[in-house]
Amino acid sequence: MNKAKVKVGIIGATGYAGVELVRILLTHPNVELTALGSVSFEGKALSDVYPSLQGLCDIACTTTEEVIAKSDVVFACVAHGMSQDFAARCVVKGVAFIDLGADFRLADEADYERWYGGEFTEKALHAKAVYALPELFREQIKVNRVIANPGCYPTGIALGLFPALKAGLIEKSGIVIDAKSGVTGAGRSPSDTTHFPACNEAFSPYKIASHRHTPEIEQTLSAAAGEKITVVFVPHLLPVNRGILSTIYTKLRSGVTYKQVREQYESFYKDEKFVRIKSDGKIANLRDVKYSNYCDISLHFDERTGTLIVVSAIDNMVKGAAGQAVQNMNIIFDLPEDAGLCFIPPAF
């Protein structure tokens, strides 16, 4: 007998991450999209906001209360500071909660206060919540119902560095991360830097040494290394819609060979559908992961300086947000992990 379909609701459905969830979930064989929440567009059909969804998703946006009441699982695509209350209300109703925001990502409240200016208002839920990067923390995800979906930069960076740090193949200090993101990473509301005339035909770093994803990156890398890791992290804004490319520089430990590194990565990810290790001489490229849930990783070694260079590419809206959130939902509801996520990246 087939399992009953999972009833899914989305809070913040009209933002970029929310509508990307809709795009994915409409083709998911095991779910029913039951309710969409939006403060800005309450009462309007989602297809009125995004005409590409005409005839595909004409659901009218409604209140948060209705979304929670109609759902087995709720995805929250809202700004930091809003999700803790939503999570508490979902837990009372026995509804699984997947947060695409930052409220449950950091384990240390002091870090949350410093980087986001907030506090843990639901401390009991923070103790139960799991940081849910599937390839790294799958077993914890299976037994939790409050899920912190990782940030976009931290996803590509953690997947790119975790195997080497876990195996002790690289130095734990001096890691430099040079990352570039498409404009959708900044969200739907335009700003002085993401407005078309400002970002088109332009390229520059931003929030140098001060980006809010820094403590999240260091938290995951520290878990891999078994001790506190600090990194130099510099994000850049690319004049493209989608994608994050991270180029990571680190030194091999004395006595470690590049062959050992490649063997570790291939072994670590050999059973992971959504992580692809490029062969020697190939380079990870945003084009090859666009619209997909893949993370492509290429490995490079500078023998002259003893530097390992890891390049990681993801679609920031899929593996970096909505796709990974659906992957986490599949895990907690014991569905095939790739259900609804078998997208083939375009060739050009």
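For the reader, a short list of remarks on this structure follows.
- For the range 6-128: rounded, prolate or oblate by the Cα gyration tensor [a/c cutoff 1.5]: prolate
- Rounded to 10°, Cα long-axis angle of helix 83-93 versus longest principal axis of the chain: 60 degrees
- Whether the range 112-207 is rounded, prolate or oblate, judged on the alpha carbon gyration tensor where a/c under 1.5 counts as rounded: oblate
- Multiplying the residue separation of S47 and T27 by 0.36 nm and removing their Cα-Cα distance gives an extension gain of 5.6 nm.
- Cβ charges +1 (Lys, Arg) and -1 (Asp, Glu), total dipole of the chain, debye: 540 debye
- Relative exposure of I177, I217, I141, judged by other C-beta atoms within 10 Å (fewest first): I141, I177, I217
- Basic side chains Lys and Arg get +1 at the Cβ, acidic Asp and Glu get -1 at the Cβ, and with that the dipole of the range 153-315 about its Cα centre reaches some 100 debye.
- Share of Cα-Cα pairs in the range 153-315 lying beyond 26 Å, as whole percent: 27 percent
- Centroid-to-centroid separation of the range 1-80 and the range 114-177 [C-alpha atoms, Å]: 26 Å
- P(r) of the chain over all Cα-Cα pairs, binned every 10 Å from zero, in whole percent: 5, 25, 35, 25, 8, 1, 0
- GNM result for the chain, Cα springs below 10 Å: residue of S292, S38, S189 fluctuating most strongly: S189
- Note on R105, R276, R304: ascending count of other Cβ atoms within 10 Å places them as R304, R276, R105, the fewest first.
- Extension reserve of the Q260-R188 stretch, reckoned as 0.36 nm per residue once the Cα distance is removed: 21.6 nm
- Using the rule -39500 (n - 2.57) for each DSSP H run of four or more residues, divided by the residues of the chain, the 222 nm mean residue ellipticity is -8500 deg cm²/dmol.
- Choice from F162, F203, F268 with maximal GNM fluctuation in the chain (Cα, 10 Å cutoff): F203
Each reported figure results from applying straightforward, stated rules to the coordinates on display, with no laboratory input. This one's a predicted model, so the numbers in the text were calculated from it and none came from an experiment. All Cβ positions, even for glycine, are placed from backbone atoms using ideal geometry, and neighbour counts span all protein chains on display.
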